[in-house]
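Notes follow once the structure below has been shown.
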Amino acid sequence: MDLKPVGRILAIDYGRRRCGVAVTDPLKIAANSLPVVRTCDLLSFLSDYCSRECVERILVGEPRQLNGLPSESMRYIRPFLGQLKKLLPDIPVEMVDERFTSVIAHREMIAAGFKKSDRQRKGLADEMSAVIILTDWLTSR
């Protein structure tokens, strides 16, 4: 019997300065945030993480306008996608609609009782957005 290692799903909320990253547990039941990563360090972070953990798929948030067309931010994400596919050619990369994830993240922080100063902490919304992207993807499966 050929047993293949159980891989995680990793999600990225890509930003120009920093990126939120979330990952599933090996059974793909829950999404957990990882520390926010500076965009300039993202590829080395992913290379290191994927060398230590079995990752079977990477999801990247796809920013879209309300009318469904890609947003202006895609011009920053496209080059990253090309670099990512060269760096980790054996891991499928999938774009996932991320509309409203930032709004949902801020609402969740308010609902959870985060103080205003905590909600303004750089990176917290990015962390939560990555978790939302991954949770939505898991739920849709």
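The values are calculated or read from the model by the stated rules, or taken from the named source; none is laboratory data. From a predicted model like this one, the values you see are computed outputs, not experimental measurements. Using ideal geometry, Cβ is built from the backbone for each residue, glycine included, and neighbour counts are taken over all protein chains shown. To get the accessible areas, we keep the full protein, side chains included, count just its heavy atoms, and leave off ligands, DNA and RNA. Shrake-Rupley method; radii C 1.70, N 1.55, O 1.52, S 1.80 Å.
A few points about this structure:
- Top-ranked residue in the stretch 9-28 [being touching a residue at least 40 places away in the same chain (Cβ under 8 Å) and under 14 Å from residue 141 (Cβ atoms); ranked as nearest to the chain's Cα centre (by Cα)]: 11
- Selected residue [of a type in the set (Lys, Arg), open to solvent by less than 60 Å² (accessible area, probe 1.4 Å) and touching a Cys at 6+ places or on another chain (Cβ under 9 Å)] from 38, 8: 8
- Of the listed requirements (1) closer than 24 Å to residue 141 by Cα; (2) modelled with pLDDT under 95, residue 73 misses just one: (1).
- Within the stretch 53-96, being under 16 Å from residue 9 (Cβ atoms) and either open to solvent by 60 Å² or more (accessible area, probe 1.4 Å) or outside any strand (DSSP E or B) (or both) holds for 53, 54, 56, 57, 84, 88, 90, 91, 92.
- Considering residues of the stretch 12-35 that are surrounded by fewer than 19 Cβ atoms within 10 Å (Cβ to Cβ) and aliphatic (A, V, I, L, M) only, the residue nearest to residue 135 (Cα to Cα): 30
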